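Peer 1: Below are the structure tokens for one structure; questions will follow.
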Amino acid sequence: MMHRRTLLAASAASLAAPSILRAQTVKKLSFYYPIAVGGPIPAIIDGYCKDFQAETGIEVTPVYAGNYGETLTKAVTAIKGGNGPQMAVLLAAEMHSLQDMDILVSLDEIGLDAAGKAWMAGFYPAFLANSRAEGKVWSVPFQRSTAVMYYNKAAFAEAGLDPEAFPKTWAQLQAAATKLTKRDASGRVTRWGIKMAGDTGNAQWTFGALANQVQHVLMNEAGTETYFNHPKAIEALSFWRGLASEAKAAPEGVSNWPQLSPDFLEGNAAIIQHTTGNLTNVKANAKFPFGVAGLPGKDGPRTVVGGGNLYFFKSASPAERAAALQFARFVSQPARAADWSIKTGYIATRPEAYETKALKDYVAGFPAADVARGFLPVAVGELSTFENQRVYTALTNNVQACLNGTKTPAAAMADTQAEADRILKPYKKA
């Protein structure tokens, strides 16, 4: 295996001191945060930062830096320029690539006492799938989701489908989407049965869910190998392409993530695959009864986790690292995790949050808020490799070629695998 650059270790004396004591010497922190979903999220984050300052005296300044990709680029640029943040919320799936950039510090090196280790063990296992490597923990689950289906119950009833029984298999989904597709007298589509995002930044998430739906794993845990040309991967892409080419229930070509919610809310799409982080937005703006359901699979429901984790940077001083870790523990407290879930729709990352009165009461009045959590046992981590963005680009380009009809699913997957092999060759065993 290619040797990675080792992370700088904090002094033994620093690691021996409790995190809270070391954090008390810090007065200011900054962190980069991605705005990837609509809604009042910046105001929520600002509120948490003010609450943390009131409790600890430490001022935390969030920098809202665009989508996940833009946030990653800006954070790395700032760190290399010597004025970077101490932490950032970045895609959980970027773990291997961030390690290779030699900018991360693990939680183990910051210092986890017995209470800290118990805290880390309390997250849902599915959300830790993209946090661990080489026997260390590299990030804290925060802004986490699974892919779910939002569906228009009024459209289901109109099409003669049971609004309370969302499809559980691919065959059922394709049949329902076909019935839900609506055309006017001239044959023009006025409502698509289903839309799933295939644009840059999102195609890999949609495809990762589809691969899990045929029980196929796309990469090894080390992030050095991919398995795109496997028959099951080809089958997953074939199903996606077939929703348009065979069932005529989805538009030809690439559907874009930012358009999915407006299309759903305006009645132009009966079903969309989206994030749980969009739930509060849909709840506030839908003018029709809607449902939330887990993703169907070939034989039964399976999904993929997504979203961002809090990462900590080695450029920060030992005291700043400890303070950043203190902030992570603060925002993941059960009451605050419950508040975050209620206000955004993201899944609370810890089971204890669902035992709080606030979240219990919210779920009782709005059961859709607890749908996604029930699918965590059949969820897998996101596609995550070294040179992650380059692998994503290769996959996205080929998926889009398939959706546009210029490559067969088999050719698209073969080409993706060939490019991934080339990209990952330096990281494999000699």
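Peer 1: Among the residues of region 365-387, are any over 29 Å from residue 251 (Cβ atoms) and without any contact (Cβ under 8 Å) to a residue 12 or more places away in the chain?
Peer 2: yes
Peer 1: Under the condition of being small (Gly, Ala, Ser) and part of a strand (DSSP E or B), which residue from region 254-292 is surrounded by the most Cβ atoms within 10 Å (Cβ to Cβ)?
Peer 2: 269
Peer 1: Name the residue, out of 362, 346, that is hydroxyl-bearing (Ser, Thr, Tyr) and either assigned to a helix (DSSP H, G or I) or farther than 27 Å from residue 89 by Cα (or both).
Peer 2: On inspection, the qualifying residue turns out to be 362.
Peer 1: Just to be sure I understand, how many residues within region 188-226 are modelled with pLDDT under 95 and on the phi > 0 side of the Ramachandran plot?
Peer 2: Qualifying residue count, region 188-226: 2.
Peer 1: Could you look through region 111-158, keep only residues that are without any contact (Cβ under 8 Å) to a residue 40 or more places away in the chain, aliphatic (A, V, I, L, M) and part of a helix (DSSP H, G or I), and pick out the one that is farthest from residue 336 (Cα to Cα)?
Peer 2: Here the residue is 157.
Peer 1: Could you list, in sequence order, all residues of region 395-430 that are in a helix (DSSP H, G or I) and among the β-branched types (Val, Ile, Thr)?
Peer 2: 396, 399, 416, 423
Peer 1: Considering region 345-367 alone, what residues qualify as being crowded, with 24+ Cβ neighbours inside 10 Å and not small (Gly, Ala, Ser)?
Peer 2: 346, 347, 349, listed by residue number.
Peer 1: Which is touching a residue at least 60 places away in the same chain (Cβ under 8 Å) and small (Gly, Ala, Ser), of 411, 353, 322, 335?
Peer 2: Residue meeting the stated conditions: 322.
Peer 1: Among the numbered criteria (1) surrounded by fewer than 18 Cβ atoms within 10 Å (Cβ to Cβ); (2) part of a helix (DSSP H, G or I); (3) hydroxyl-bearing (Ser, Thr, Tyr), which single criterion is violated by residue 392?
Peer 2: Among (1) surrounded by fewer than 18 Cβ atoms within 10 Å (Cβ to Cβ); (2) part of a helix (DSSP H, G or I); (3) hydroxyl-bearing (Ser, Thr, Tyr), residue 392 violates only (1).
Peer 1: Please go through region 69-105 and pick out each residue that is under 29 Å from residue 208 (Cα atoms), buried (at least 20 other Cβ atoms within 10 Å of the Cβ) and not aliphatic (A, V, I, L, M).
Peer 2: Correct list: 71, 94, 96, 97, 99.
Peer 1: Go through region 193-223 and count every residue that is surrounded by fewer than 19 Cβ atoms within 10 Å (Cβ to Cβ) and not small (Gly, Ala, Ser).
Peer 2: 6
Peer 1: Right, next: Just to be sure before I move on: is residue 427 under 30 Å from residue 328 (Cα atoms) and crowded, with 16+ Cβ neighbours inside 10 Å in the structure I sent?
Peer 2: No.
Peer 1: Further question on the same structure: Return the residues of region 317-338 that are within 19 Å of the chain's Cα centre (by Cα) and either modelled with pLDDT under 95 or in a helix (DSSP H, G or I) (or both); say none if nothing qualifies.
Peer 2: 328, 331, 337, 338, listed by residue number.
Peer 1: What number of residues within region 47-67 satisfy the criterion of being surrounded by 15 or more Cβ atoms within 10 Å (Cβ to Cβ), assigned to a helix (DSSP H, G or I) and within 24 Å of the chain's Cα centre (by Cα)?
Peer 2: Total meeting the criteria: 2.
The values are calculated or read from the model by the stated rules, or taken from the named source; none is laboratory data. Here the structure is a predicted model, which is why all the values come from computation and not from measurement. Note: ideal-geometry Cβ built from the backbone for every residue, glycine included; neighbour counts use all protein chains shown.
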